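**Q** Take this structure, written in structure tokens, and hold onto it; I'll ask about it next.
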Amino acid sequence: MAAEGGGKEMNEIKTQFTTREGVYKLLTHSEYSRPNRVPFNSQGSNPVKVSFVNVNDQSGNGDRICFNVGRELYFYIYKGVRKAADLSKPIDKRIYKGTQPTCHDFNHLTATAESVSLLVGFSAGQVQLIDPIKKETSKLFNEERLIDKSRVTCVKWVPGSESLFLVSHASGNMYLYNVEHTCGTTAPHYQLLKQGENYSVHTCKSKSTRNPLLKWTVGEGALNEFAFSPDGKFLACVSQDGFLRVFNFDAVELHGTMKSYFGGLLCVCWSPDGKYIVAGGEDDLVTVWSFLDCRVIARGHGHKSWVSVVAFDHYTTSVEESDPVEFSGSDEDFQDQMIHFGRDRANSTQSRLSKRNSTDSRPVSVTYRFGSVGQDTQLCLWDLTEDILFPHLPLSRTRTHTNVMNATSPPAGATIITNTSSNTANGNNSGANTPGINSLATTLPRSNSLPHSASTTTTANNTNKAGSGGGIGTGIMDSAIATGVSKFATLSLHDRKERHHEKDHKRNHSMGHISSKSSDKLNLLTKTKTDPAKTLGTVLCPRMEDVPLLEPLICKKIAHERLTVLIFLEDCLVTACQEGFICTWARPGKVGLLSSQNQASSPSGTVV
């Protein structure tokens, strides 16, 4: 690995990187691309995207990969870490004229070795349903572009459905389709179903059922991406207006919103248990948002340009317990502590987190792993740890300042909270017992007593009553700041920063239109949608110093062109760049047949 430095070394593309689990290695023989392997001239073309499906093939090689490069769409057997890619034999290849594929999605419910349903969205607005195994084109939706003329930005099957799918467009609209229905020969007429702050949902008014079943209009500008929650009940959307909006999909109701630090949001994903959402975009940041508390709990800074994809690694997200923990009111029997990867792991993580007893003195080590890739050609991996998730819990002194890792993990790879002093306006309980976490807070959704001084306790209680964005007297804030400074004088905090922090709090609480009513969160959005400066410092968009700032575990340049894909699989992770190269990175110990190493000498799996 080249040392960090200027010139040639900085531009060197990495072929491996090391995390606490071990070494991830690029498998050059497992690279997928157009058959000629020539770098694609990506000027003016749509991003390269990748979709996977498993067809449960009897041979044990059931993975299939689909990717678009320019006007072309390819469908291959994906051999992953096991065998080298054979690009000379695509199962299906299509070249389109007058339009380009922009995104695609397989229906995992209906996939078999003989047939798969693949949706493909296009730059001119159409959506095609094809079967690349049978080489059939069954249907074309929005064929005459009567429904929407703008580029398709995201297409996904509705979870648990064999026939419903959702499509978003650069117009800011989303449409719900049923593959069984036709689109009609005239432009659809709509009837208002539900309206809220900066969104509306219409049904299609016609004598016979036709597509689209629903039309969602969300925010201002393009709707760049959406993602369903793991249980399929909620929908997270990110838009060019910089807002994350989370909807209850079936009830068609807005659950919560978040605003980017600046610029549009481009990508979004859910944690395996559905408790956290990560979004990335034109502010070069990754932002972690709590679904339960509807607030930003952390930001990550590592990219030098726009963040194009964020994704959680379900296989490295872990809950570790030193002692058996008794959960009050537990309905489930937990399996062994060594839980296998996959759905069982995610479900167990979810149940353990949801049943976590916050008053239990025995620590539970919680680590969510997620990754991001950007236009800066860099891959970043991040760990979201318990000191960020539960800052109100008393932790040991050493664990408060760094991420929750094994003692052997290298300091350089640790997630560092660079701004522990103002960890509090993230809205969580202030960690009075936790060194390094100040006791000031503008939003405290959960109550917690603060033992060290009466004035600070008053602050906490008032803030709890105030709810999200509630007003607090600046006199109390001043005394709380003084307490905080004296209490945490051992930390190397500068007085200048504290004074700046005090000014911020005064500025926050002088905003007359923020009240204690939770419904006013939406009114605030309407009033300030054209003025981002007014959302800064509110629950929608906390200031940088008001939430913990994560640093990436690793941040590596892995391509020559901007990165457009990041997918975590069980034995590898997959990235792709705009040149049309899809790269497979073997997880530690998963190098397989492609390596000259004896696999028996390496770890037998991903260490969590």
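**Q** Determine which member of the set THR217, THR203, THR182 is under 25 Å from GLY274 (Cα atoms) and either in contact with a strand residue (DSSP E or B) (Cβ under 7 Å, 6 or more places away or on another chain) or open to solvent by 20 Å² or more (accessible area, probe 1.4 Å) (or both).
**A** Answer to the check: THR217.
**Q** Can you find even one residue in the range 219-239 that is touching a helix residue (DSSP H, G or I) at 6+ places or on another chain (Cβ under 8 Å), at pLDDT 95 or above and within 25 Å of GLY537 (Cβ to Cβ)?
**A** Taking the range 219-239 and keeping what is touching a helix residue (DSSP H, G or I) at 6+ places or on another chain (Cβ under 8 Å), we get 230.
Still in the list and also at pLDDT 95 or above: 230.
After this cut, where a residue has to be within 25 Å of GLY537 (Cβ to Cβ) as well, the list is none.
Looking for residues that are touching a helix residue (DSSP H, G or I) at 6+ places or on another chain (Cβ under 8 Å), at pLDDT 95 or above and within 25 Å of GLY537 (Cβ to Cβ), one finds none in the range 219-239, hence no.
**Q** Would you confirm whether any residue within the range 57-70 is at positive phi and polar (S, T, N, Q)? Full working, then the answer.
**A** Residues of the range 57-70 that are at positive phi, as a first pass: 60, 70.
Right, trim to polar (S, T, N, Q) and you get none.
No, that holds for no residue.
**Q** Sticking with this structure for a sec: Return yes or no: is VAL268 β-branched (Val, Ile, Thr), touching a residue at least 24 places away in the same chain (Cβ under 8 Å) and in contact with a Gly (Cβ under 7 Å, 6 or more places away or on another chain)?
**A** Values: β-branched (Val, Ile, Thr): yes; touching a residue at least 24 places away in the same chain (Cβ under 8 Å): yes; in contact with a Gly (Cβ under 7 Å, 6 or more places away or on another chain): no.
Criteria not met by VAL268.
**Q** Sticking with this one: Which is within 26 Å of the chain's Cα centre (by Cα), assigned to a loop (DSSP other than H, G, I, E, B), under 19 Å from GLN100 (Cβ atoms) and in contact (Cβ under 8 Å) with a residue 12 or more places away in the chain, of VAL81, VAL48?
**A** Details: VAL81 fails: under 19 Å from GLN100 (Cβ atoms).
Selected residue: VAL48, the only one of VAL81, VAL48 that is within 26 Å of the chain's Cα centre (by Cα), assigned to a loop (DSSP other than H, G, I, E, B), under 19 Å from GLN100 (Cβ atoms) and in contact (Cβ under 8 Å) with a residue 12 or more places away in the chain.
**Q** Criterion first (open to solvent by 50 Å² or more (accessible area, probe 1.4 Å), of a type in the set (A, V, I, L, M) and closer than 24 Å to GLN43 by Cα) does ILE77 satisfy it?
**A** Numbers: open to solvent by 50 Å² or more (accessible area, probe 1.4 Å): yes; of a type in the set (A, V, I, L, M): yes; closer than 24 Å to GLN43 by Cα: no.
Answer is no for this residue.
**Q** Consider only pairs whose beta carbons are under 6 Å apart and that are at least six residues apart or on different chains; among these, list those whose first residue lies in the range 237-254 and is surrounded by fewer than 20 Cβ atoms within 10 Å (Cβ to Cβ) and whose second residue is hydroxyl-bearing (Ser, Thr, Tyr).
**A** none
**Q** Residue by residue through the range 531-543, note down the ones that are open to solvent by 30 Å² or more (accessible area, probe 1.4 Å) and either in a loop (DSSP other than H, G, I, E, B) or at pLDDT 95 or above (or both).
**A** Applying the first criterion (open to solvent by 30 Å² or more (accessible area, probe 1.4 Å)) to the range 531-543 yields 531-534, 536, 543.
Once the filter is applied, which keeps residues that are open to solvent by 30 Å² or more (accessible area, probe 1.4 Å) and either in a loop (DSSP other than H, G, I, E, B) or at pLDDT 95 or above (or both), the range 531-543 yields ASP531, ARG543.
**Q** So, one more: I'd like the full set of residues that are part of a strand (DSSP E or B) and in contact (Cβ under 8 Å) with a residue 60 or more places away in the chain, limited to the range 216-226.
**A** As a first pass, look at the range 216-226 and keep what is part of a strand (DSSP E or B): 216-218, 223-226.
The answer is LEU223, ASN224, GLU225, PHE226.
**Q** Still on this structure, I have one more. Just checking: which of the strands (runs of 3 or more DSSP E) contained wholly in the range 149-198 hold 2 or more residues that are within 18 Å of THR209 (Cα to Cα) and out of contact with any helix residue (DSSP H, G or I) (no Cβ under 9 Å at 6 or more places or on another chain)?
**A** Working: elements: 152-157, 164-169, 173-178, 190-196.
Strands (runs of 3 or more DSSP E) meeting the threshold: 164-169, 173-178, 190-196.
**Q** Then there's this: Going by the structure shown, is SER115 in contact (Cβ under 8 Å) with a residue 24 or more places away in the chain and either under 21 Å from LEU213 (Cα atoms) or open to solvent by less than 50 Å² (accessible area, probe 1.4 Å) (or both)? Steps first, answer last, please.
**A** On the way: in contact (Cβ under 8 Å) with a residue 24 or more places away in the chain: no; either under 21 Å from LEU213 (Cα atoms) or open to solvent by less than 50 Å² (accessible area, probe 1.4 Å) (or both): yes.
Here the answer is no, as SER115 does not meet what is asked.
**Q** Please state which of the following conditions SER510 fails to meet, knowing it meets all the rest: (1) among the hydroxyl-bearing types (Ser, Thr, Tyr); (2) modelled with pLDDT under 80; (3) open to solvent by less than 50 Å² (accessible area, probe 1.4 Å).
**A** The one condition SER510 does not meet is (3).
**Q** Something else about it: Check off (1) open to solvent by 10 Å² or more (accessible area, probe 1.4 Å); (2) within 19 Å of SER372 (Cα to Cα) for SER260 and give me the number that stays unchecked.
**A** Exception for SER260: condition (1).
**Q** Something else: Looking at the range 34-50, can you tell me whether even one residue there is open to solvent by less than 60 Å² (accessible area, probe 1.4 Å), of a type in the set (S, T, N, Q) and at pLDDT 95 or above?
**A** no
**Q** Scanning for something open to solvent by 30 Å² or more (accessible area, probe 1.4 Å), among the polar types (S, T, N, Q) and in contact with a Leu (Cβ under 7 Å, 6 or more places away or on another chain), does the range 147-170 turn up at least one residue?
**A** no
**Q** Still on this structure, I have one more. Please determine whether any residue of the range 72-91 is touching a Cys at 6+ places or on another chain (Cβ under 9 Å) and within 22 Å of SER150 (Cβ to Cβ). Step through it out loud before you land on a result.
**A** Quick first cut of the range 72-91, residues touching a Cys at 6+ places or on another chain (Cβ under 9 Å) only: 73-76, 80-81.
The next check asks that each one be within 22 Å of SER150 (Cβ to Cβ); those that pass are 73.
Within the range 72-91 (the criterion being touching a Cys at 6+ places or on another chain (Cβ under 9 Å) and within 22 Å of SER150 (Cβ to Cβ)), the answer is yes, since at least one residue qualifies.
**Q** Something else about it: Just to be sure before I move on: is ARG299 closer than 28 Å to LYS556 by Cβ, charged (D, E, K, R) and either part of a strand (DSSP E or B) or open to solvent by less than 10 Å² (accessible area, probe 1.4 Å) (or both) in the structure I sent? Let's see the steps before the verdict.
**A** Details: closer than 28 Å to LYS556 by Cβ: yes; charged (D, E, K, R): yes; either part of a strand (DSSP E or B) or open to solvent by less than 10 Å² (accessible area, probe 1.4 Å) (or both): yes.
So ARG299 fits the description; yes.
**Q** Return the pair list, or none, for Cβ contacts closer than 8 Å from residues in the range 288-311 that are without any contact (Cβ under 8 Å) to a residue 40 or more places away in the chain to residues that are surrounded by fewer than 21 Cβ atoms within 10 Å (Cβ to Cβ) and among the aromatic types (Phe, Trp, Tyr), at least 6 apart or on different chains.
**A** Note: no pairs meet the criteria.
**Q** May I ask you to list the residues in the range 274-285 that are in contact with a Leu (Cβ under 8 Å, 6 or more places away or on another chain) and either of a type in the set (Lys, Arg) or open to solvent by 10 Å² or more (accessible area, probe 1.4 Å) (or both)? Steps first, answer last, please.
**A** Residues of the range 274-285 that are in contact with a Leu (Cβ under 8 Å, 6 or more places away or on another chain), as a first pass: 275-277, 279-282.
Passing the criteria: LYS275, TYR276, GLU282.
**Q** Among the residues of the range 199-215, count how many are part of a strand (DSSP E or B), under 12 Å from TYR175 (Cβ atoms) and modelled with pLDDT of 95 or more. If you could, list the steps in order and put the result at the bottom.
**A** Initial filter on the range 199-215 (part of a strand (DSSP E or B)): 199-204, 214-215.
Next cut, under 12 Å from TYR175 (Cβ atoms) only: 201-204, 214-215.
Filter once more, so that each one left must be modelled with pLDDT of 95 or more: 201-203, 214-215.
Adding up the residues that qualify gives 5.
**Q** From the list THR110, THR99, which one is hydroxyl-bearing (Ser, Thr, Tyr) and either without any contact (Cβ under 8 Å) to a residue 12 or more places away in the chain or more than 17 Å from ASN56 (Cα to Cα) (or both)? Explain how you work it out, then say what you get.
**A** Values: THR110 fails: either without any contact (Cβ under 8 Å) to a residue 12 or more places away in the chain or more than 17 Å from ASN56 (Cα to Cα) (or both).
Only one candidate passes the filter, namely THR99.
The values are calculated or read from the model by the stated rules, or taken from the named source; none is laboratory data. As the structure is a computational prediction, the values presented were derived from the model and not from experiment. Positions of Cβ are backbone-derived with ideal geometry, glycine not excepted, and every protein chain shown enters the neighbour counts. We work out accessible area using only protein heavy atoms, side chains counted, and drop any ligands, DNA or RNA first. Shrake-Rupley method; radii C 1.70, N 1.55, O 1.52, S 1.80 Å.
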